[in-house]
Amino acid sequence: MKILVIEDDQETADYIRKGLKQQGFIIDVATTGRDGLFLAAGEGYNVIIADRRLPGMDGLAIVKTIRSAGVKTPVIFLTTMTGIGDRVEGLEAGADDYLIKPFAFAELLARVNALVRRPPMPEMQTVLRVDDLEMDLISRKVCRGDEEIALQPREFKLLEFLMRNAGKTVTRTMLLENVWDFHFDPKTNIVETHISRLRSKVDKGFNSELIETVRGAGYLLRAPH
C-alpha cells in the first residue's frame, strides 16, 4: 500500500512517515503544495494525507484540482484549522476525512486503514487524447500536435465533454446540462456560438477537422480515419 504525505512541517512529516512505514506502508513525502499536486496527480496512491496550510499551494486547492481532473484517491486532511466551517469546506472540496492537529497516531492509522478497506475506485485519466489533440486536465493545457491552443474556461469545459464522449453524438441538451449546468433551454444560440469558437481554435489551420455537426442530432468529436 502506498501513501502520499503532503506536510511542510518536517518533524510532523517524519513522525507520520516512520509510523506508517512500521505498519508496512510505502511512503512518499512532499513538503510544498505544488510538489504534492504533482505527485498526487501522477502516482497511484492508496491514500493521501495532506495539510491545509502549505507553501506554494494550499491543501484545499490541491484536492479541488485533483478532483476536477478525476483523481479519486481518498484524502485525509490533517490540519490545525479546527472550525466547523473549515471542516465543511474541506469535505466539500473533495476530502474523505478530516483530522485535527495535535493528533494521536493510532487514530490517524485507524482512519487510513478505514479508507484502504474501501473498494478501489477505477483509475481516472488526467490526460485526454483524440488523434493529435491532447488535453491535460491538471495543467489545463490543450495542444494539437506541437501547437498549444489557448481556451477560455467554458471552451475548455466544452472540449473536455466532447473528448470524454469522443465517437459519440452529443445533443444540444446534453451540452447545456453538462457544460453550462442548464436544465432548461435558454432559447439562445449559446451552444452554437461556443462550438463555432471552439472549431476556429481546434480545427482551423489544421489538416483535418475533428468537430463535426450531426445534422438534426448534435455534435461529434471524431478522429479522422
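The values are calculated or read from the model by the stated rules, or taken from the named source; none is laboratory data. All of these numbers come straight from a predicted model, not from anything done at the bench. Neighbour counts are summed over all protein chains in view; Cβ atoms, including those assigned to glycine, are modelled from backbone coordinates with ideal geometry. These accessible areas exclude ligands, DNA and RNA; they are computed on the full protein's heavy atoms, side chains included. Shrake-Rupley method; radii C 1.70, N 1.55, O 1.52, S 1.80 Å.
Quick notes on this one:
- Here D97 meets the list (1) in contact with a Lys or Arg (Cβ under 6 Å, 6 or more places away or on another chain); (2) exposed (fewer than 15 other Cβ atoms within 10 Å of the Cβ); (3) of a type in the set (D, E, K, R) almost entirely, failing just condition (2).
- Just one of (1) farther than 25 Å from K157 by Cβ; (2) in a helix (DSSP H, G or I); (3) open to solvent by less than 20 Å² (accessible area, probe 1.4 Å) fails for D86. It is (3).
Yes or no, residue by residue, for (1) touching a residue at least 24 places away in the same chain (Cβ under 8 Å); (2) small (G, A, S); (3) under 30 Å from Q23 (Cα atoms):
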| site | (1), (2), (3) |
| --- | --- |
| T73 | yes, no, yes |
| E89 | yes, no, no |
| L109 | yes, no, yes |
| N113 | no, no, yes |
| V116 | yes, no, yes |
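- With respect to the conditions (1) exposed (fewer than 15 other Cβ atoms within 10 Å of the Cβ); (2) part of a loop (DSSP other than H, G, I, E, B), T73 lacks only one, and its number is (1).
- Residues within the range 131-163 that are open to solvent by less than 30 Å² (accessible area, probe 1.4 Å) and either polar (S, T, N, Q) or part of a loop (DSSP other than H, G, I, E, B) (or both), tallied: 1
- Restricting the range 175-196 to residues that are under 14 Å from R154 (Cα atoms) and of a type in the set (D, E, K, R) leaves a set whose member that is most open to solvent (accessible area, probe 1.4 Å) is D181.
- Selected residue (criterion: farthest from the chain's Cα centre (by Cα)) from residues of the range 1-11 that are open to solvent by 20 Å² or more (accessible area, probe 1.4 Å) and under 25 Å from R117 (Cβ atoms): M1
- Scan of the range 147-196 for residues that are over 15 Å from G218 (Cβ atoms), in contact (Cβ under 8 Å) with a residue 12 or more places away in the chain and among the acidic types (D, E), ordered by number: E155, E160
- Filtering G24, G42, G59, G36 for residues that are out of contact with any helix residue (DSSP H, G or I) (no Cβ under 6 Å at 6 or more places or on another chain), of a type in the set (G, A, S) and under 19 Å from T80 (Cβ atoms) leaves a single hit, G59.
- Subset of the range 20-50 (residues that are open to solvent by less than 10 Å² (accessible area, probe 1.4 Å) and touching a residue at least 40 places away in the same chain (Cβ under 8 Å)): L20, V47, I48, I49, A50
- Residue within the range 53-60 that is in a loop (DSSP other than H, G, I, E, B), under 24 Å from N113 (Cβ atoms), among the aliphatic types (A, V, I, L, M) and touching a residue at least 12 places away in the same chain (Cβ under 8 Å) present: no
- Selection count, the range 164-223, where residues are assigned to a helix (DSSP H, G or I) and not polar (S, T, N, Q): 17
- The residues of the range 100-117 that are touching a Leu at 6+ places or on another chain (Cβ under 8 Å), in a helix (DSSP H, G or I) and surrounded by fewer than 16 Cβ atoms within 10 Å (Cβ to Cβ) amount to a single one, E107.
- Taking residues in the range 197-225 that are more than 20 Å from Q152 (Cα to Cα) and of a type in the set (G, A, S), and partners anywhere that are open to solvent by less than 80 Å² (accessible area, probe 1.4 Å) and part of a strand (DSSP E or B), the pairs with Cβ atoms closer than 8 Å and at least 6 places apart or on different chains are A217/T169; G218/T169; G218/V170; A223/V130.
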